[in-house]
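Student: The following block contains the structure, expressed as structure tokens.
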Amino acid sequence: MIKIAPSILSADFCRLGEEVAEVKASGADYLHVDVMDGLFVPNISIGLPVVQSLRRSTDMFLDVHLMITEPVRYAERFCKAGADLVNFHVESDTEENTLKAVEIVRACGKKVGVTLKPHTSAEAVLPYLRQCDLILVMTVEPGFGGQHFMADQLPKIREIRRLIEKTNPACELEVDGGVDENTAPLCAEAGANVMVAGSAVFGRPDRSAAIRAIRENCLKK
Ligand code: DX5
Ligand code: ZN
């Protein structure tokens, strides 16, 4: 089943509660929350207080994508703030610390994922794959919404789907960056099952139609 995860990076932060309620009513499956520290990526977005507020105002599944250096420092705090799943970039620290971060999230009883930037190879997931609930493949350079989908990531998505089937078939495969009603079907065909969409949902006046278009086009493939 295809899941849609609207990214609040493209939402109106002055009306965040209403924006979230709208995508929930429109059939979104997860809410994707992009945390940026201005170091790991050249942009600053939101952090713990916003996750706490979201947790108080919605029962949606909060998929928290940490684009921060040494995320192990914050793993427990994001779990306690109300994340349902915490995603770490494999490039953001040593393998040892990333494994530690994965363990912390599991010990908190939450789901955990690792994320790959476009230039990181599929094999980089191998040290983590058995312990993960989700792998996130970036289809743009992380840091900003509204960028162009990198079709050269499709073979990597396909390869990671193969590794998942071999090692941990329950693991989900998520894509993030430039995903819309035209590119989501390509990702689905390559084996992704969770579509993050920022501008293709929050950037559209009719969020319900936007989510429906992504889902329906994936099913057509
Ligand atoms: C980018 C973020 C994405 C972003 C996607 O670094 O991780 O989640 O919000 O935005 P769109 O869907 O507009 O490319
Ligand atoms: Zn993201």
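The values are calculated or read from the model by the stated rules, or taken from the named source; none is laboratory data. The model shown is predicted, which means the values in this text are computed figures rather than measured ones. FYI the Cβ positions are ideal-geometry reconstructions off the backbone, even for glycines, and counts take in every protein chain you see.
Student: Please count how many residues of region 165-176 are touching a helix residue (DSSP H, G or I) at 6+ places or on another chain (Cβ under 8 Å) and within 16 Å of ligand 2 (Cβ to nearest atom).
Tutor: Going through region 165-176 one residue at a time, the tally reaches 2.
Student: Within region 74-84, how many residues are out of contact with any helix residue (DSSP H, G or I) (no Cβ under 8 Å at 6 or more places or on another chain) and either outside any helix (DSSP H, G or I) or surrounded by 18 or more Cβ atoms within 10 Å (Cβ to Cβ) (or both)?
Tutor: Keep residues of region 74-84 that are out of contact with any helix residue (DSSP H, G or I) (no Cβ under 8 Å at 6 or more places or on another chain), which gives 80, 84.
Next, from what is left, pick out any that are either outside any helix (DSSP H, G or I) or surrounded by 18 or more Cβ atoms within 10 Å (Cβ to Cβ) (or both): 84.
Qualifying residue count, region 74-84: 1.
Student: Let me ask you something else. Only residues that are surrounded by fewer than 21 Cβ atoms within 10 Å (Cβ to Cβ) and either β-branched (Val, Ile, Thr) or in a loop (DSSP other than H, G, I, E, B) (or both): list them for region 30-40, please.
Tutor: Gly38, Leu39
Student: Pick from region 1-16 the residues that are outside any helix (DSSP H, G or I) and more than 9 Å from ligand 1 (Cβ to nearest atom): which of them is surrounded by the fewest Cβ atoms within 10 Å (Cβ to Cβ)?
Tutor: Met1
Student: Six or more apart or on different chains, Cβ under 9 Å: which pairs go from a residue in region 190-203 that's free of Cβ contacts under 8 Å to residues at least 40 places away in the same chain to one that's within 8 Å of ligand 1 (Cβ to nearest atom) and of a type in the set (S, T, N, Q)? Could you list them?
Tutor: Pairs that qualify, where the first residue is free of Cβ contacts under 8 Å to residues at least 40 places away in the same chain and the partner is within 8 Å of ligand 1 (Cβ to nearest atom) and of a type in the set (S, T, N, Q), are Ala200/Ser10.
Student: Hey, can you tell me all the residues within region 89-115 that are assigned to a strand (DSSP E or B) and either farther than 12 Å from Pro127 by Cβ or more than 15 Å from ligand 2 (Cβ to nearest atom) (or both)?
Tutor: His89, Lys111, Val112, Gly113, Thr115
Student: How many residues does region 17-29 hold that are part of a loop (DSSP other than H, G, I, E, B) and under 18 Å from Asp176 (Cβ atoms)?
Tutor: So the answer is 2.
Student: Looking at (1) more than 16 Å from ligand 2 (Cβ to nearest atom); (2) surrounded by 20 or more Cβ atoms within 10 Å (Cβ to Cβ); (3) more than 27 Å from Asp12 (Cβ to Cβ), which is the only condition Ile211 fails?
Tutor: Every listed condition holds for Ile211 apart from (3).
Let's see how each residue does on (1) over 25 Å from Gly178 (Cβ atoms); (2) away from ligand 1 (no atom under 16 Å from the Cβ); (3) surrounded by fewer than 22 Cβ atoms within 10 Å (Cβ to Cβ):
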| site | (1), (2), (3) |
| --- | --- |
| Ala107 | yes, yes, yes |
| His119 | no, no, yes |
| Val125 | no, yes, no |
| Arg130 | yes, yes, yes |
| Leu136 | no, no, no |
| Thr139 | no, no, no |
| Phe144 | no, no, yes |
| Gln147 | no, no, yes |
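Student: Might you check whether a residue that is more than 16 Å from ligand 2 (Cβ to nearest atom), at pLDDT 95 or above and out of contact with any Asp or Glu (no Cβ under 8 Å at 6 or more places or on another chain) occurs anywhere in region 139-147? Reasoning before the result, please.
Tutor: At the first step, the residues of region 139-147 found to be more than 16 Å from ligand 2 (Cβ to nearest atom) are none.
No, region 139-147 contains no residue that is more than 16 Å from ligand 2 (Cβ to nearest atom), at pLDDT 95 or above and out of contact with any Asp or Glu (no Cβ under 8 Å at 6 or more places or on another chain).
Student: For region 114-136, give me the residue count where each residue is touching a strand residue (DSSP E or B) at 6+ places or on another chain (Cβ under 6 Å) and of a type in the set (Asp, Glu).
Tutor: Looking only at that region, the number is 1.
Student: Also, quick follow-up: Against the conditions (1) touching a residue at least 40 places away in the same chain (Cβ under 8 Å); (2) in a loop (DSSP other than H, G, I, E, B), where does Ile46 fall short? Just the number, please.
Tutor: Checking Ile46 against (1) touching a residue at least 40 places away in the same chain (Cβ under 8 Å); (2) in a loop (DSSP other than H, G, I, E, B), the one that fails is (1).
Student: List the number of the failed condition for Arg162; all other conditions in (1) within 16 Å of ligand 1 (Cβ to nearest atom); (2) over 25 Å from Glu70 (Cβ atoms); (3) touching a helix residue (DSSP H, G or I) at 6+ places or on another chain (Cβ under 9 Å) hold.
Tutor: Condition not satisfied by Arg162: (1).
Student: Name the residue that is nearest to Glu22 (Cα to Cα), counting only residues in region 49-73 that are polar (S, T, N, Q) and outside any loop (DSSP other than H, G, I, E, B).
Tutor: Per the stated criteria, the residue is Ser57.
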